[in-house]
Amino acid sequence: MKKDLVKKYLKVYKHKSVAKWFPFIRPTEIEEAINKGCIFSVNIDGKIAGVVMYGRYKNQNKRNLGDRGDVVLKHIVTLPEFQGKGVAKKLYKHVEEFAKIVKAQKLVLSVQKKNDRANAFYKKMGMKIVGKRNWNSKKEGVIEGFIYTKTITKNKLSLLTA
Ligand SMILES: CC(C)(COP(=O)(O)OP(=O)(O)OC[C@H]1O[C@@H](n2cnc3c(N)ncnc32)[C@H](O)[C@@H]1OP(=O)(O)O)[C@@H](O)C(=O)NCCC(=O)NCCS
């Protein structure tokens, strides 16, 4: 049963029109997200229209993406036939809501610099670029990217000094 679900989600991320943005996704990562309850989909007419995977840092992220307790939005996708209908916005809002519930200070993510649609989308969601990161790909060499964050809850100190 769980294997079927992993396959279903993987099929969405590996759809030919979007797979280039997810070169590193493996079935094990999806299975882990299912086990932790950190994967959410929007379904339209019984079909998966979009999926988001997310998580929470137990410690400072080793690539300086975020701090302990921050929520990370890992992979968001809307299948082409459903794009432009607010599907990704619903997926994003689900993750933001999770971040509020767990009282995370920030929501963080990274995205490839050349992914214009995704960069436009994250900016529309109110996220701000705070840094750069690179990935090393066997096929493409160095892939450049941006780090985005959005403040969710202020810590006590910043509340006192705000
Ligand atoms: C980026 C992506 C997830 C957006 O999905 P979507 O379901 O089409 O987005 P939505 O319809 O929910 O759009 C939400 C908002 O973002 C804006 N937006 C979405 N794509 C945009 C684009 N290409 N340019 C400008 N704004 C855009 C919409 O106008 C909308 O704004 P509104 O709330 O004011 O109406 C989708 O294009 C996708 O799956 N791309 C391929 C996979 C990918 O790149 N994922 C990110 C890798 S980290």
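Read-outs throughout are calculated quantities, based only on the coordinates presented, and are distinct from any laboratory measurement. Just so it is clear, the structure is predicted and the values come from calculations on it, not from any experiment. Using ideal geometry, Cβ is built from the backbone for each residue, glycine included, and neighbour counts are taken over all protein chains shown.
Summary of computed values
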read-out: Selection status of LYS114, of a type outside the set (Phe, Trp, Tyr), farther than 23 Å from TYR57 by Cα and within 11 Å of the ligand (Cβ to nearest atom); value: yes
read-out: Test: residue in region 10-23 that is touching a His at 6+ places or on another chain (Cβ under 9 Å), among the aromatic types (Phe, Trp, Tyr) and either away from the ligand (no atom under 16 Å from the Cβ) or part of a loop (DSSP other than H, G, I, E, B) (or both); value: yes
read-out: Options LYS62, LYS3: the member that is in a loop (DSSP other than H, G, I, E, B) and either without any contact (Cβ under 8 Å) to a residue 60 or more places away in the chain or surrounded by 17 or more Cβ atoms within 10 Å (Cβ to Cβ) (or both); value: LYS62
read-out: Members of region 76-87 that are near the ligand (Cβ under 6 Å from one of its atoms) and either surrounded by fewer than 21 Cβ atoms within 10 Å (Cβ to Cβ) or under 18 Å from LYS128 (Cβ atoms) (or both); value: ILE76, GLN83, GLY84, LYS85, GLY86
read-out: Within region 100-139, considering residues that are free of Cβ contacts under 8 Å to residues at least 24 places away in the same chain and assigned to a loop (DSSP other than H, G, I, E, B), the one farthest from GLY55 (Cα to Cα); value: LYS138
read-out: ILE39 being within 10 Å of the ligand (Cβ to nearest atom), under 24 Å from THR153 (Cβ atoms) and crowded, with 19+ Cβ neighbours inside 10 Å; value: no
read-out: Index of the failed condition, ILE101 passing every other in (1) within 14 Å of the chain's Cα centre (by Cα); (2) loosely packed, with under 14 Cβ neighbours inside 10 Å; value: (1)
